[in-house]
Amino acid sequence: MRENNLKVGDIFHDSWGYNMTLNVFIKVIKISPTGKTAICKLVNSKWISGDKGYTGRVIPTNEENKDEPEFRLRICGEENITLRGTYPLNKKPFRLATFLKVKEGEDFYENHMD
C-alpha cells in the first residue's frame, strides 16, 4: 500500500467558473487497498457571510450530497496531497478537476452573479 497522510473524512475543494465563482467540496469516504485511489462523495456548503445566494464566503459542511453517486479520484503527492479526476454532477460525469485539501476553518469566495 502506498503511504501518504490522506484519511477518511478529509475534505477537499475545487472552484470553477468564468464570470461566476462556484465551489465544489468533496469528502473522502474510502481509500483503495493500494492507496492510489480515493472514493469520494460531494458534500454541501453553507454561506457564512455576504449576500447569501449571490456573493459571499462559504464553508464545506460534513453533509454528503445524497443525490450524487460515489466517485473515484487519483491520489497525487504524498505530503501535499491533491485528488484528480472527473466528478459527477446531476449523476453524469461533469468535469476534470484537481482538488486541494481544505484547511481547518478555511472559507472560500463564491459568486453566483452571472
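The values are calculated or read from the model by the stated rules, or taken from the named source; none is laboratory data. Since the structure is predicted, the reported quantities are computational estimates derived from the model, not experimental observations. Reconstructed Cβ throughout: ideal geometry from the backbone, glycine too, with neighbour counts over all protein chains shown.
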*Enumerated strands (runs of 3 or more DSSP E) restricted to segment 1-84, each holding at least 2 residues that are at pLDDT below 95, loosely packed, with under 12 Cβ neighbours inside 10 Å and touching a Cys at 6+ places or on another chain (Cβ under 6 Å)*: none
*Residues in segment 48-71 that are in contact (Cβ under 8 Å) with a residue 40 or more places away in the chain and either in contact with a Ser or Thr (Cβ under 6 Å, 6 or more places away or on another chain) or within 16 Å of Lys27 (Cα to Cα) (or both): how many?*
7
*Just name the residue that is modelled with the highest pLDDT out of those in segment 85-114 that are at positive phi and either surrounded by fewer than 17 Cβ atoms within 10 Å (Cβ to Cβ) or in contact with a His (Cβ under 9 Å, 6 or more places away or on another chain) (or both).*
Gly105
*Does segment 92-105 hold any residues that are assigned to a loop (DSSP other than H, G, I, E, B) and within 13 Å of the chain's Cα centre (by Cα), and which are they?*
Val102, Lys103
_Given the criteria within 25 Å of Met113 (Cβ to Cβ), in contact (Cβ under 8 Å) with a residue 60 or more places away in the chain and out of contact with any Asp or Glu (no Cβ under 6 Å at 6 or more places or on another chain), does Phe25 qualify?_
yes
*Could you say which residue among Gly85, Gly77 is small (Gly, Ala, Ser) and in contact (Cβ under 8 Å) with a residue 40 or more places away in the chain?*
Gly77
